[in-house]
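What follows is a single structure, written as structure tokens, with notes after it.
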Amino acid sequence: MIKKESIENLKNNLDIVDVISQFLEVKKSGANFKACCPFHGETTPSFVVSPAKQIYHCFGCGVGGDSIKFMMEYEKLSYPEAIEKLASMNNVNLEYDNVNTKKQDIKILEDVNKYYQRLYVNNNTTKEYIKSRGISEFSVEKFEIGYAPSSGDTINFLKSNHYNLPDAIDLGVIDTGQNGLYSRFIERITFPIYGINGKMVGFGGRTITGHNAKYVNSPQTKVFNKSRLLYGYHLAKEHIYKKNQLIVCEGYLDVIMLHQAGFNTAVATLGTALTKDHLPLIRRGEPKIILAYDGDKPGLAAAFKASVMLSQSEFEGGVVIFGEGIDPADMVKDGKVEELNKIFSTPMPFITYALDHIIAKYEINNPAQKQKALIEANDYLQSLGVIYQDEYKRYIAQKLNIRENLVKVSADIQKRPEQSDLAKIDIAELCIIKSILEKPSRLDSVLDIVDSSMFEAHKNEFDLLLSDITDISLNSISLNDKLENYDDERLNKELLTLLYKFYTNKLTAISYDKKYEFREKVNIIRKIKDNIYQLKQGKLVSYNL
């Protein structure tokens, strides 16, 4: 069992915006952040994250909670698994009640990396290759380039230093096969890979002895997910925020050489194309994204796929395609830094690149082919915002040499989910409840004068507030920025209005209620009229019926 004190320590070290933004694209919205909810399909963000309260709530489907709850729901983990993953992501040590339960030793990765770095220094073949690619000794140290030896040497290193081998397997350093243990990285130049928090999570490796796979990465582990990681991001992130720019490359060496030449906002995907899982990471700081891809067939296809995804997600930036057989690393090595600077300053916009790529697939001098090009370009265009649609319909018409009215745009604006619920809510009642949530000390005084029966639309919410003011079901009220948080004077005025409405309706109902005896009804009516009189005088009255 994880100690309670340890869990509290973890919670104190968590920032819910930082946690959730590693999985979702979040955008600042007043004091809070918003995102499209991952738990139900939506295109209009209704998922609100509060840094002040350290909670989230979706106004569309009603889910909510804290960082631990989010990790449980999003990653489908148990409570202890979610705590352990968050602790691992944030470099927080956990303590266990059962002393026989050993925490996974993440330090193995760091120590193996240091071991590989020491081996690199004494391996002339590796050093010659790195030198031939133009990489400086400073860059070798900055990016902690190493060398993984034979499988047996890595395993002997782990055993001789008494590391827990199951932990080494779980972290992707070694694995088991038909012939027993073997190393994941054999006779390869190694590139340690770090998470956003600057903590090492795995390796990339390049062969220097002719293995079939030129590059390999660590396998999927609890801390390593290549679809959410970018090589070099931990070194580039501060520069990305300052320069409002992020350059996405295809390989480790491109990143290293670009940094070496001063392009220190460069990162690379890990052997996979840019995916939607990367979007929360590259959204941080709202930088302009430059895709720096090779001009070969895979590079062009990857640039198209990424351009479509980024344009649909309304990222700013564009595409830079290098000539076939040339990459950014080669240009730096050849001293073409100024040329690179010009290339990166004038990328082709994502939408332009995507439309050009679509149209280039067809022989547009053939009417049938031109029709197909128009249909595909139109489908893509309608996936964009209405302003982009209006701007780029002219571009498509010019490229296809057709009339502009043949390019169809969609002016439909999706109805916000909140709009359908407006008739079901009472803003004043919700503002009263929110004001109590924001300042719980008000509850005692409010209870002297208010009963849940006085709330026509939100009786259940007020009852919930009475039973547990910290209940996560109340997050929807607390995080709704359309609801006002009243000061004490305004709260009293709204309570007067609530009470006056309640007692007036009560007076009418009692007058026609036949279940009371005459004398009893007269007494109740007298009390109600007396309360209404005091309310008119601006006095809050105790509930005494």
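Any read-out appearing in this document is the output of simple, stated calculations on the displayed coordinates, not a laboratory observation. Just so it is clear, the structure is predicted and the values come from calculations on it, not from any experiment. Glycine gets a Cβ as well: all are built from the backbone with ideal geometry, and neighbour counts include every protein chain shown.
Test of understanding: express the Cα radius of gyration of the range 425-536 as a ratio to 2.2 N^0.38 Å, with N the residue count.
1.19
Taking 8 Å as the Cα distance limit and 6 or more residues as the minimum spacing, I'd like the relative contact order of the range 228-341 as a percentage.
Relative CO of the range 228-341 lands at 28 percent.
With an 8 Å Cα cut-off and a minimum separation of 6 or more residues, compute the relative contact order for the chain in percent.
About 9 percent, as a whole number.
Rounded, prolate or oblate: which fits the range 228-341, taking a ≥ b ≥ c as square roots of the Cα gyration tensor eigenvalues, rounded meaning a/c under 1.5, else prolate when a/b beats b/c?
oblate
Return the subset of K27/K222; K69/K107; K4/K28; K76/K361; K27/K226 for which the Cα-Cα distance in this structure is over 30 Å, preserving the input order.
K4/K28; K76/K361
So for each of 117-123, 535-541 I average, over its residues, the number of other beta carbons within 10 Å; can you give me the resulting order with the highest mean first?
The densest-packed peptide leads the list: 117-123, 535-541.
Using a 4.7 Å cut-off between beta carbons, which cysteines in the chain end up with no partner cysteine at all?
Within the chain, the cysteines lacking a partner Cβ under 4.7 Å are C36, C61, C249, C431.
Across the range 107-224, what fraction of all alpha-carbon pairs, as a whole percent, falls in each successive 10 Å bin from zero upward?
Each 10 Å bin holds this share of Cα pairs: 13, 48, 32, 6, 0.
Using the 10 angstrom Cβ neighbour count as an exposure proxy, how do K361, K336 rank, fewest first?
K361, K336
Would you kindly state how much longer the chain becomes between K107 and E316 on full extension, computed as 0.36 nm times their sequence separation minus their alpha carbon distance, in nm to one decimal?
Contour length minus the Cα-Cα distance gives 71.4 nm.
Can you spot the lysines whose alpha carbon is less than 21 Å from K506's alpha carbon? Ignore those fewer than 8 places along the same chain.
Cα-Cα hits under 21 Å: K459, K493, K514, K515, K521, K527, K529, K536, K539.
Order the peptides 44-55, 455-466 from the highest to the lowest mean number of other Cβ atoms within 10 Å of their residues.
Packing proxy ranking, top to bottom: 44-55, 455-466.
How about K142: which aspartates and glutamates have a C-alpha closer than 16 Å to its C-alpha, ignoring those fewer than 8 places off in the same chain?
E110, E238, D254
Note down the nm distance, to one decimal, between modelled labels 7 Å out along Cα→Cβ at S29 and at A301.
3.7 nm
Based solely on C-alpha atoms, express the radius of gyration and the Dmax of the range 475-545 in angstrom.
15.8, 49
Calculate, in nm to one decimal, what S542 and E95 gain on full extension: separation in residues at 0.36 nm each, minus their alpha carbon distance.
155.8 nm
Say each of N212 and E339 gets a label point 7 Å from the Cα, pointing the same way as Cα to Cβ; how far apart are those two points in nm?
Between N212 and E339, the label points sit 3.7 nm apart.
Just one of [x] 57, 35, 18; [y] 48, 29, 24; [z] 42, 27, 21 is semi-axes √(5λ) of the Cα gyration tensor in Å as worked out from the coordinates here. Which one is it?
Comparing each candidate, only [x] matches the computed number.
For the chain, give me the percentage of DSSP beta bridges that are antiparallel, rounded to the nearest 5 percent.
Percentage antiparallel, nearest 5: 70.
To make sure I understand the rule: partners must be lysines, Cα under 16 Å from the Cα of K34, and not fewer than 8 residues away in the same chain. Which ones qualify?
Of all the lysines, those that pass the test against K34 - Cα under 16 Å, at least 8 places apart if same chain - are K53, K482.
Subtracting the Cα-Cα distance from 0.36 nm times the residue separation, let me have the gained length for E8 to C61 in nm, one decimal.
Taking E8 through C61 to full extension adds about 16.2 nm, to one decimal.
Dipole of the range 506-545, Cα-centred, from +1 at each Lys and Arg C-beta and -1 at each Asp and Glu C-beta, to the nearest 20 debye?
It comes to approximately 60 debye.
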